[in-house]
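**Q** Got a structure for you, questions after.
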Amino acid sequence: MHISRRNFFRTTLSTSAAVAAGVVASGLPFSEEAFGEPRRGWFFDPALNAFQATDAKGVIWLNSNENAYGPWPSMMPVMREALNFGHRYPRTEYGQLIDTISRLHRVKPSQVSLGCGSSEILRVCAEVFTGPGKTLVQASPTFESLGQYSRTRGATVRSVALNNKFEHDLQNMLPQGGEKVGLVYICNPNNPTASITPRKDIETYIKQLPEDTFVLIDEAYHHFALKSPDYVSFLDQPMDDPRIIVARTFSKIYGLAGMRLGYAVATEETSCKLRTYASFDNVNMVSARVGNAALHDDAGLAAAIKRSTDDRDAFLAEVKKRNISCIPTQANFAMIDTGKPIRQSIDYFKSKNIMIGRPFPPLTTHARITIGTPSEMKAFWSAWDERKA
Ligand SMILES: Cc1ncc(COP(=O)(O)O)c(C=O)c1O
């Protein structure tokens, strides 16, 4: 069906107005309820955008594991300056960012691939390593987008429940029967459980995999896990196994989720495969410049890590005070048991203008709470106590 520009805007506006009036807030094809399904059009759905407007007054966003404090102080002047070059392609900036990342991880520039968020890295991995006749093996629950990209690509997705320590159940993630596993997804720390799978166990597991099975290790929450003795990044040792791809993002500790910037490190050969499927100039001028600046700001990074650790300690103290069951967290969020069906909890907090994490089946009463600023968390806890009272 052809949709004219005029009709597109008419449809858009009427849907947004209906949502604003609370008429179609739930049950939309793109609503939170549908998150377990392939996210067709999720990011472009005008109704959802009206429902979750970034600039909505008074809303406390504890649902997307963002950095509540925003970009670091050193980043604002860099972003403002970069706008002067908004009419240019990021020529030198692209290469400079790759160069900085390669020096940070002691790899060659040709081993680094940039992404429009690490989401693009995940999508590219689905393109390259999955497809009809191939299986993606992942945990359950875990971050959903790679599974969704792989399904879209025609692959089979096998989700293996985390073990009772909320680690990846690696033995059950080995290929089974005649299964042809193109890609294994290990999200470490895992989203949504914030739990760690020990590095040594992952190494043993990789040794048992066939030579043509690739492993994507998603370290989106790396900086929050540094205190855990079991956690060691896969970027801390030479990247010489062509089957391993490590993904990182600027969306979390760096506070740049809106800038859409991520990267992957792999061997030269594997990186070359990834780049075949990435868009040209997939990182814009502002993101490239601010990402580069962020990686040079060691004091900014140390301050952000300290602040997030302090905030997490304060959150856990409140959890303990109330005797709430909480999965041990190594991230900037935590899974706590609300003792009520998760959908009811989401709706309750929404009625208080607090957005908490979406449902993560098979967990039915746990809520994923992103740890916000002290004042945001004060509002969260007073809503929690009011509900229990
Ligand atoms: C584990 C994990 N990987 C990847 C992403 C995607 O992040 P981005 O595309 O913002 O880099 C997220 C976002 O929350 C995540 O939790």
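**Q** If I ask for residues that are of a type in the set (A, V, I, L, M) and closer than 16 Å to residue 99 by Cα, which ones from the range 273-288 would you list? Break it down stepwise before answering.
**A** Going through the range 273-288, the residues of a type in the set (A, V, I, L, M) turn out to be 274, 278, 283, 285-286, 288.
Hits for the range 273-288 are 283, 285, 288.
**Q** Restricting to the range 307-345, give me the number of residues that are in a helix (DSSP H, G or I), among the aliphatic types (A, V, I, L, M) and either closer than 18 Å to residue 141 by Cα or not assigned by TED's automatic domain parsing to the domain that holds residue 372 (or both).
**A** Selection size over the range 307-345: 1.
**Q** Quick one: what pairs do we get from the range 212-228, first residue closer than 14 Å to residue 249 by Cα, second more than 12 Å from the ligand (Cβ to nearest atom) and assigned to a helix (DSSP H, G or I), C-beta under 7 Å, 6+ apart or different chains?
**A** From the range 212-228, the pairs are 223/305; 224/308.
**Q** Among (1) at pLDDT 95 or above; (2) assigned to a loop (DSSP other than H, G, I, E, B), there is one condition residue 240 misses while meeting the rest; what is its number?
**A** Every listed condition holds for residue 240 apart from (1).
**Q** Moving to a separate point now. Looking at 88, 103 in this structure, which one is under 26 Å from residue 290 (Cα atoms) and either within 11 Å of the ligand (Cβ to nearest atom) or part of a loop (DSSP other than H, G, I, E, B) (or both)?
**A** Result of the check over 88, 103: 88.
**Q** When residue 276 is evaluated against the numbered criteria (1) in a loop (DSSP other than H, G, I, E, B); (2) in contact (Cβ under 8 Å) with a residue 40 or more places away in the chain; (3) surrounded by fewer than 18 Cβ atoms within 10 Å (Cβ to Cβ), which criterion, by number, is the only one it fails?
**A** (1)
**Q** If you scan the range 110-137, which residues turn out to be part of a strand (DSSP E or B), closer than 26 Å to residue 357 by Cβ and either away from the ligand (no atom under 11 Å from the Cβ) or free of Cβ contacts under 8 Å to residues at least 40 places away in the same chain (or both)?
**A** Within the range 110-137, 136, 137 qualify.
**Q** I'd like the full set of residues that are in a helix (DSSP H, G or I), away from the ligand (no atom under 16 Å from the Cβ) and more than 17 Å from residue 215 (Cβ to Cβ), limited to the range 138-181.
**A** Once the filter is applied, which keeps residues that are in a helix (DSSP H, G or I), away from the ligand (no atom under 16 Å from the Cβ) and more than 17 Å from residue 215 (Cβ to Cβ), the range 138-181 yields 151, 152.
The values are calculated or read from the model by the stated rules, or taken from the named source; none is laboratory data. Remember, predicted model here, so these are calculated numbers, not experimental data. Cβ coordinates were reconstructed from backbone atoms using ideal geometry, including for glycine residues, and neighbour counts include every protein chain displayed.
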